[in-house]
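All remarks here apply to the structure that follows.
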Amino acid sequence: MKFGKRKKEKPSPQCSAVQTVPANCYSSPTGILSFEGQSRAERELFSSLRESLPIIDAAIWKIVRLIGKFKIITDDSAWQSIADEFVKNVKTNGSSQGMNNFIYTYLDSLLTYGCAVGEMVPDAALGRISALYNANLDDVELVADGSPLDLTVCKSGNGGVVPVKNQNLVLATLLNPKPGTIHGTSILSGLPFVSSILLRIFGSVKTNWERVGDVRFAVTYNPPNGEGFSKDDAKIIADEWRKAMRSQSVCDFVSVGDVSIKVIGAESQMPDCEVPIRSIMEQILAKLGIPPFLLGLSWSSTERMSEQQADILTSELNYYRAVVEPVIVKTVKTHLQLCGCGCNFKVEWDNINLQDAVELSQARLNNAQAMQIEKELGTEEFNEQNQPKKGSVC
C-alpha cells in the first residue's frame, strides 16, 4: 500500500506583536491591555452640551439627515430582492424599521461620543439577521485583548468587564481615534470651553432681563424739617407701597413729605452681546463643519462663499459615509451568508443634493459638446489635407 506524501499545513497568518506598546501593558494579569478609554463623565458632558445649546443638537441632526440613504447592489439578481428586503424591513431597536434608521442612530452616537457600538441579532429558526440594536455606551466597554489591533467589546458591570460571547455579531467604530488610545474623538471635543462662555452670556442676559423686565423700585422718604423718623413709619410706607404694587388695578401711592421713587438699575445699560455671541457661534460651527445658512443664521455671505461651504460640507458627508460603510458591509454580508448567499455586492449612496446632480450633468454635457467640436474640427482638417491639388492626376 502506497501512501501519498502528506502536505504540510500552512501556518495561519498571525499578527506580530506591536513593538511601540509599553511592556507593562502586556504584563496585565487579566491579559487585557490597559489603554486610555473614554469615561462616563465625558459622555455626560457631551450630552449636556447638546441639551444646553440647541444649535449643536440641530447641527448634528443635520449631518445625520444629510448623509442620505443607501441601497445594496448585488452582482446576482437572484439575491437582490433579499438584500432589498433586509435593508428596508429589518427591525431596529424594537420601535423602528429599516437599516437606514440603525445607521442614523449609529452615526449620531459616533459624532456625539466618538464611538458607536451595535449588534446583529440573529434568528436561529429563520437563519437570518432578524434585528439590529444600537448599544448604550454606558453598558459596554472597548478593550484591547492581547493586541492594540484587536479590539474586544465587553459588557461592563459588577465591578469588571466580561467579553461579549459572539464578537462576530458585534459592530464597533471609533471616530478619529487618538494614537495610543482605544476611544474615538467626538466632534464636540474642544467645545466645552467656548460653550461655557456662551452659556454664561445667556445666563447673564436672563438675569438682566429678570431685573429689567420685572422692575424693582427703591422708595426713599426724607422727613421734612428734620423731623424724627421711626421704624413704624418706615413699615407703614413699605406696606402701602407693597399694597399699591400688588393691586390688580391702577392704584396711587399717596404719602406726606419728600418721597423719591427710582427704578433699580435704570441707570445701567444692557451690554451688547451680539458680537461676542456671533464670534463664539462661528467657532462652534467651524468645529461642526456646518454652513451657517443651513441652521437659519442669516450672516452676510456671497453666493460664491455659499457654494464653497456647500462643497466643504459635501466632502464632510462623504467622509462620514466612508466611516459607516464598513458597518453596512459587515451587516449585509453576515445576513446574506446566513441566507446561503456568497455573491458580491456594493453599497450605493444617494446623491447628497440635487445641485450636485445638476452640476454633474452640466459637466458631462460640456464634455460631450467639446468632444463633438473636436471631432468635427478633426474631420474637416483631415478632408483638407487629403483633398487633391489642382492639376494633379488621380
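The values are calculated or read from the model by the stated rules, or taken from the named source; none is laboratory data. What you are looking at is a predicted structure, and each value in this text was computed from that prediction instead of being measured. For neighbour counting, all protein chains shown are included, and Cβ atoms are generated from backbone atoms with ideal geometry for every residue, glycine included. Note: accessible area is taken over every heavy atom of the protein model, side chains too, but ligands, DNA and RNA are not part of it. Shrake-Rupley method; radii C 1.70, N 1.55, O 1.52, S 1.80 Å.
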Task: Difference of contour (0.36 nm per residue) and Cα-Cα distance, residue 75 to residue 240 - done: 50.6 nm
Open item on the list: What distance in nm lies between label points placed 7 Å from Cα along the C-beta direction at residue 329 and residue 221?
Closed with: 8.5 nm
- [ ] Taking only protein heavy atoms into account and a 1.4 Å probe, give the accessible area per residue of segment 114-203 in Å².
- [x] 50 Å²
Task: Cα centroid separation, segment 33-91 to segment 146-196 (Å) - done: 16 Å
- [ ] Along Cα→Cβ, 7 Å out, is where each label goes; now give me the distance between the ones at residue 165 and residue 277 in nm to one decimal.
- [x] 5.5 nm
Open item on the list: Just to be sure I understand the model, the point goes 7 Å from the Cα along the line to the Cβ. What's the resulting residue 202 to residue 18 distance in nm?
Closed with: 3.8 nm
